[in-house]
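Colleague: My structure is below; once you've seen it, I'll send some questions.
The values are calculated or read from the model by the stated rules, or taken from the named source; none is laboratory data. This is a predicted model, so every value here is computed, not measured. No Cβ is skipped: glycine too gets one built from the backbone with ideal geometry, and neighbour counts run over all protein chains shown. Remember, those area values only see protein heavy atoms, side chains included, never the ligands or the DNA or RNA. Shrake-Rupley method; radii C 1.70, N 1.55, O 1.52, S 1.80 Å.
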Protein chains: 6
Amino acid sequence: MQLRVRHLDVVPDADILEFVREAPADRDTMDRMLSRLLESMNPGVCRDITCDLIDQRRKAFLTWPAATKNHHNYVGGLAWHTLSMAKAADALLPLYPFLDRDLLMAGILLHDLGKTEELSAPMLAEYTSEGNLVGHISMTAGWIDEAAVRTGHAGEEDKEQRMLLKHMVLSHHGKLEFGSPVMPMIPEAEMLSLVDDLDARMFMMKQSMDATAPGHFGPRVFALDNRMIYRPTQFGEQASAAADNGKEKRNDGGTQA
Amino acid sequence: MQLRVRHLDVVPDADILEFVREAPADRDTMDRMLSRLLESMNPGVCRDITCDLIDQRRKAFLTWPAATKNHHNYVGGLAWHTLSMAKAADALLPLYPFLDRDLLMAGILLHDLGKTEELSAPMLAEYTSEGNLVGHISMTAGWIDEAAVRTGHAGEEDKEQRMLLKHMVLSHHGKLEFGSPVMPMIPEAEMLSLVDDLDARMFMMKQSMDATAPGHFGPRVFALDNRMIYRPTQFGEQASAAADNGKEKRNDGGTQA
Amino acid sequence: MQLRVRHLDVVPDADILEFVREAPADRDTMDRMLSRLLESMNPGVCRDITCDLIDQRRKAFLTWPAATKNHHNYVGGLAWHTLSMAKAADALLPLYPFLDRDLLMAGILLHDLGKTEELSAPMLAEYTSEGNLVGHISMTAGWIDEAAVRTGHAGEEDKEQRMLLKHMVLSHHGKLEFGSPVMPMIPEAEMLSLVDDLDARMFMMKQSMDATAPGHFGPRVFALDNRMIYRPTQFGEQASAAADNGKEKRNDGGTQA
Amino acid sequence: MQLRVRHLDVVPDADILEFVREAPADRDTMDRMLSRLLESMNPGVCRDITCDLIDQRRKAFLTWPAATKNHHNYVGGLAWHTLSMAKAADALLPLYPFLDRDLLMAGILLHDLGKTEELSAPMLAEYTSEGNLVGHISMTAGWIDEAAVRTGHAGEEDKEQRMLLKHMVLSHHGKLEFGSPVMPMIPEAEMLSLVDDLDARMFMMKQSMDATAPGHFGPRVFALDNRMIYRPTQFGEQASAAADNGKEKRNDGGTQA
Amino acid sequence: MQLRVRHLDVVPDADILEFVREAPADRDTMDRMLSRLLESMNPGVCRDITCDLIDQRRKAFLTWPAATKNHHNYVGGLAWHTLSMAKAADALLPLYPFLDRDLLMAGILLHDLGKTEELSAPMLAEYTSEGNLVGHISMTAGWIDEAAVRTGHAGEEDKEQRMLLKHMVLSHHGKLEFGSPVMPMIPEAEMLSLVDDLDARMFMMKQSMDATAPGHFGPRVFALDNRMIYRPTQFGEQASAAADNGKEKRNDGGTQA
Amino acid sequence: MQLRVRHLDVVPDADILEFVREAPADRDTMDRMLSRLLESMNPGVCRDITCDLIDQRRKAFLTWPAATKNHHNYVGGLAWHTLSMAKAADALLPLYPFLDRDLLMAGILLHDLGKTEELSAPMLAEYTSEGNLVGHISMTAGWIDEAAVRTGHAGEEDKEQRMLLKHMVLSHHGKLEFGSPVMPMIPEAEMLSLVDDLDARMFMMKQSMDATAPGHFGPRVFALDNRMIYRPTQFGEQASAAADNGKEKRNDGGTQA
């Protein structure tokens, strides 16, 4: 396909960020959500290290994408994906009360923080040399030790907490062949890996369905194991209608005591 | 090891069910939870077929195990696992409002119903011939068509709903090599597969940790990709303490608006 | 490559079916072969269910292709491939007399019958939504139970026959990763899977050789594990000559009694 | 388990071969079948090389097992398995008349001939050093060139026939990971590989069923991808009855013209 | 097998280290080799960080095993394996002069240093909790950043060197499925991975042959992809004889200019 | 991209070989290196067979490429790659003195000799029919037996040497899925496989870096498991400088006694 441009206008004083695709929430909103989430954690090793590292790169965390393509590949995508995972985790925690919420939330907040160095910019992101040669998983694991020194948690008594936090980050891709040097060996790490998958796949499936006519399949999606996604005939309308009609209230009478 | 039995007492009037391992909730409680869940679904194809099939084998559904070993391998395990998955789904639905709750709940309730034929009994279960040669996935998919006839949903106007419901059941193992003849191609099917994994793995990890001393690893668990699970030093006490101290209230100030 | 069309004639009264690629035998001939094959089965569950299902969709069975591409992808391909497999099975049965011919023939006749719903049309076939979301294997397995009801074989005494017939259909892809939810566990199912492979591969190899010059390799064939097929220098002439010169008679003096 | 032997008799003049498990046909019978098969081949490179190599080790060919375990692991197993494959090939050839029978029969007769060097003896066979370090596939391929010299077929005009015959032997395990250095690239090689699999698997399935009660599954069989084999309730009786009652005659009215 | 101990002597003043299996060179010798190797590196980031980290845990480096089983699983095995790899690298460097020797030697010296924390002790070593949950690869990568701070190489101008050194350590298992989070992407990293494999496999093969009679195969070795190793009939004697008779001098006239 | 050629000159008396890419050493030099290497081997089976086979196709050995693409894909590439491997082996032999140098050198010299029949020509090479259907591995293994006859080593007393030499050639791809019918089972075969990989990968990495700007990654290389290769900022200059400044002398003080 060829386009012939016959005329071009320059828009004076335009800010390019007004034209790019962004996360569903604006930066200030996500900033407040982030603060509230950090405050909700119990004082201790997990919260201190997480706050230290987030504060060091808060602006990048709020503007970076979560990936160059595949999912949440827009300005603010990293923060939105991370905050969605935190919501999912909080929704599931009452079902599995033996999980340590502080460890899980610290793992969720830090798991992809290294992407701010692995990818080059909030827009049109590319992999940096360090992103390819070291990778965001190992970068973040290294930062945890640095933050432990800064926050006074480098001692022997905090060794297990540091070790578990590093384990959360290192194992979050779930399998060795996906780039995690260790598999999840505590339930918090398994939960982190699963809600990461869940949120990324729901994003990709929704995105495919939005571009597909009802009753048809979208194109094969490489990051979804090459699957095609089907958009049911009644998708969208029905769901919206149900949402408007108090469907969620009915939920309360369902599985929630 | 050899044991020499020197004396045996007969316990008169004993019911063997009093001595076996059971689900955390008793059968009546699970029965009520099940009824409430079915009532919470919108009227239509999904609810009618699900109610029909559950009612046909309600007693077995409430007493069967979810597996012969691995996870929820106790009396009532199938119902408990299913109800836990429904709770997890309801917890996650607000995050992904484009999902069709009725389809998802129908899929969850039916996905392992075929186990009541695949396994031989509520206790000391073995695989039946049909369980090996046909499998619970294909059995349940077949029942859906039978139930559609019984409930008056065998017509052309309900074809897509029947097809999607069968797809939920057929794809719930997530991958072909795990015995699903098709991969999940709608987000409800992906969600079903993920909460199934989540609940089964949390069960197996918790079970391993309960049998492991703090600061140690349990034995390799085949159904967890041969992983060993680590029990942190503070596991249990800390979690309990946190739960007692209003930790969950603090959650509300975290990710939940 | 560009073609410039300078002139077009309309052929009046032309039937498009006269111009498409078709099976080596015409529809009437295949219809008679099919009838004779069904009659050759012993009376019982296998024959009754097979006759019922074939009769329900006999026209589609005789005109549908066996696949959208790869092998027997022409009008009548499904029937031709199925009848070839039946011939192969009858040729091999004397060698393995412990096989149940009725079960094997029923499995062969039904194994791909679901393709008449999985694919959209006898020509220019595409996968239907049900073809993708349910698949021909699970569709056909479901039909067997329906046919059992219609033919009076839904009772307990015929349960094993129904179960084995479903097993034949479900396992015919041979491996889980090829979309069969169970592997073949009876020799009839293994035989079905092998003659299916045999007939499809012989077709694809012959097709490649027909388009290749003697002494050369054809292009890589994806459905043959990406192999290139070699056409020997003497291929064709020699084989024809041998066939003309009573080669087959000589066979009789060879391995046949 | 412990056995206490109280009494032992020596059987004078006993030949151990009278007590061991043997092929269904005796050595003389198989010798005659082999001769007839070789005579049935057209004169030429394939027959000359095959006759040369078989004659060199005819006694071993008639007494060796086909494997140390798994299938045809008895005295005469190699010849019986080979002759069965030849029968299967002759049964299938009329369906695929473009196949070169001489090449196919030569490949079948030679494919496992190297086992006579790979395995140490007709009974209680072990792998020889050469069997492990070189393997029967490469051994036999090498012998073909030697036989070509002896039979006057080492010239340029017979190069393609030698090459194809070696290809038959080299590719007969079907896949690289099964030890074939090349995959089958001509239909004769594919057919060889498939009838080899077919005959070996029918043997193993029959063997498992013979040791299993009707209505039950046998133990997992490693060489059958760890499958359990099911013995149907009516297996054996029914099949025998059918065979007695002219079932095969009915076949003629089925697929055979 | 049962042993009945009839008499036990206590050996007074015995040092257990005198009875355990040790590296071919004693600790002082290896210590000197290590010093000389460090001195041979050019001054700079690589040498400074390597010296810093080795000095921090020099005693452990000289006494730890390289693994709990498989290869170099004796007191001093880690140092011996590392020094052998350095020798192999120096032998190969003249062939590939574009390789950076300092980076390669630093990578070799550090690649398994984390084993001193991953394994619990020089003898009867077990995996520590950190060894399982974090792993020696990620531990060592983290230490490099700490050493960079201590040696004044934490600045921007040394960033590439630090990054490459971490890449060496992270990628040295060669493949993701072997626990490296990234694959080797510079030739020095590929060389490190290959000489690591080479030295480990030569050890395991030699060890198997030492326990095998000439002309026989040893048992299957899991860490060698389950291979059996063959000991040639002339192995040992011939090799020794050749070594005595100036075989190596003849080498010089061979490939070495 | 389109090029428009406006003018063409014919170069009279030009030899096309002057314009093609060639090995770093000219043919005469490689010929002398080859002679010296053969002379360095001890008299015996290995040397006699190797000399016989090399002499039979010496010209092709000195001009053929090592592959059609990937590595050493230029005139003389086969000899250059082979001679580099021999140098690498000689460099490593002092570290592993239990290796039989004659067997190793024979294996190296012969391992890819079959490429002179597998590929069609020194330039613009394509796979021959025999190259695809038989492959260079099996071709060379067959030639060893022929050479044994010619050199008087076909007797029983040389059987083990012949067998081991064939094993070297057959196993040199290291794994079944790479086309070796057996895995290396002696350390010489493992060493051959490793130095083959080493030399090929160093070639491909160097080639990629030569075409890449410092501080950047090259394109994905299929034969390097799809990796991108990074060219460090200081690559080239630094290495050259180090080489000029007696870096290698410093080596001697390092690992070499």
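Colleague: If F:Gly142 satisfies every condition in (1) modelled with pLDDT of 95 or more; (2) closer than 20 Å to C:Gly218 by Cα but one, which is the exception?
Modeller: F:Gly142 satisfies every listed condition except (2).
Colleague: Among the residues in region A:35-50, are any touching a residue at least 60 places away in the same chain (Cβ under 8 Å) and charged (D, E, K, R)?
Modeller: For region A:35-50, residues touching a residue at least 60 places away in the same chain (Cβ under 8 Å) and charged (D, E, K, R): present.
Colleague: Here's something else I'd like to know. When region D:118-153 is examined, which residues are found to be more than 18 Å from D:Cys51 (Cα to Cα), among the small types (Gly, Ala, Ser) and away from chain F (no Cβ under 11 Å)?
Modeller: Correct list: D:Ser120, D:Ala121, D:Ala125.
Colleague: Applying the selection to region B:184-195, what residues are over 14 Å from A:Tyr96 (Cα atoms) and in contact with a helix residue (DSSP H, G or I) (Cβ under 7 Å, 6 or more places away or on another chain)?
Modeller: B:Pro184, B:Met185, B:Ile186, B:Pro187, B:Glu188, B:Ala189, B:Glu190, B:Met191, B:Leu192, B:Leu194
Colleague: Looking only at region D:154-190, which residues are facing another protein chain (nearest Cβ under 7 Å), outside any loop (DSSP other than H, G, I, E, B) and not basic (Lys, Arg)?
Modeller: Matches in region D:154-190: D:Glu160, D:Met163, D:Leu164, D:His167, D:Leu170, D:Leu176, D:Glu177, D:Pro187, D:Glu190.
Colleague: Another question, then. How many residues are over 16 Å from the mean Cα position of the chain (by Cα) and either among the aliphatic types (A, V, I, L, M) or at positive phi (or both) if we restrict to region A:176-223?
Modeller: Adding up the residues that qualify gives 11.
Colleague: Let me ask another. Which ones in region D:85-117 are charged (D, E, K, R) and within 7 Å of another protein chain (Cβ to nearest Cβ)?
Modeller: Result: D:Lys87, D:Asp90, D:Asp100, D:Arg101.
Colleague: A follow-up question, please. Which of the residues spanning region B:235-257 are at pLDDT below 50, touching a Phe, Trp or Tyr at 6+ places or on another chain (Cβ under 9 Å) and open to solvent by less than 40 Å² (accessible area, probe 1.4 Å)?
Modeller: Matches in region B:235-257: B:Gly236, B:Ala239.
Colleague: Residues of region E:215-224 being surrounded by 17 or more Cβ atoms within 10 Å (Cβ to Cβ) and either in a helix (DSSP H, G or I) or among the hydrophobic types (A, V, I, L, M, F, W, C) (or both), which ones?
Modeller: Of everything in region E:215-224, those that are surrounded by 17 or more Cβ atoms within 10 Å (Cβ to Cβ) and either in a helix (DSSP H, G or I) or among the hydrophobic types (A, V, I, L, M, F, W, C) (or both) turn out to be E:Phe217, E:Val221, E:Leu224.
Colleague: Residue pairs, Cβ under 8 Å, 6 or more apart or interchain, first in region A:201-213 and closer than 12 Å to B:Tyr96 by Cβ and at pLDDT 95 or above, second part of a helix (DSSP H, G or I) and among the acidic types (Asp, Glu). List them.
Modeller: A:Arg201/B:Glu190; A:Met202/B:Glu190; A:Met205/B:Glu190
Colleague: Going through region A:195-214 one residue at a time, which ones are open to solvent by less than 20 Å² (accessible area, probe 1.4 Å) and at the interface with chain B (Cβ under 9 Å from one of its Cβ atoms)?
Modeller: Passing the criteria: A:Val195, A:Leu198, A:Asp199, A:Met202, A:Met205, A:Met209.
Colleague: Might you check whether a residue that is at pLDDT below 75 and either of a type in the set (Ser, Thr, Tyr) or closer than 30 Å to C:His172 by Cβ (or both) occurs anywhere in region C:218-234?
Modeller: Within region C:218-234, none of the residues are at pLDDT below 75 and either of a type in the set (Ser, Thr, Tyr) or closer than 30 Å to C:His172 by Cβ (or both).
Colleague: I'd like the full set of residues that are within 17 Å of A:Ile229 (Cα to Cα) and aliphatic (A, V, I, L, M), limited to region B:185-213.
Modeller: Of everything in region B:185-213, those that are within 17 Å of A:Ile229 (Cα to Cα) and aliphatic (A, V, I, L, M) turn out to be B:Met185, B:Ile186, B:Ala189, B:Met191, B:Leu192, B:Leu194.
Colleague: Something else about it: Filter region D:30-84 for residues that are of a type in the set (Ser, Thr, Tyr), away from every other protein chain (no Cβ under 12 Å) and open to solvent by 30 Å² or more (accessible area, probe 1.4 Å) and give the result.
Modeller: D:Thr68
Colleague: Restricting region C:151-193 to residues that are among the hydrophobic types (A, V, I, L, M, F, W, C) and without any contact (Cβ under 8 Å) to a residue 12 or more places away in the chain, which is least open to solvent (accessible area, probe 1.4 Å)?
Modeller: The qualifying residue least open to solvent (accessible area, probe 1.4 Å) is C:Met163.
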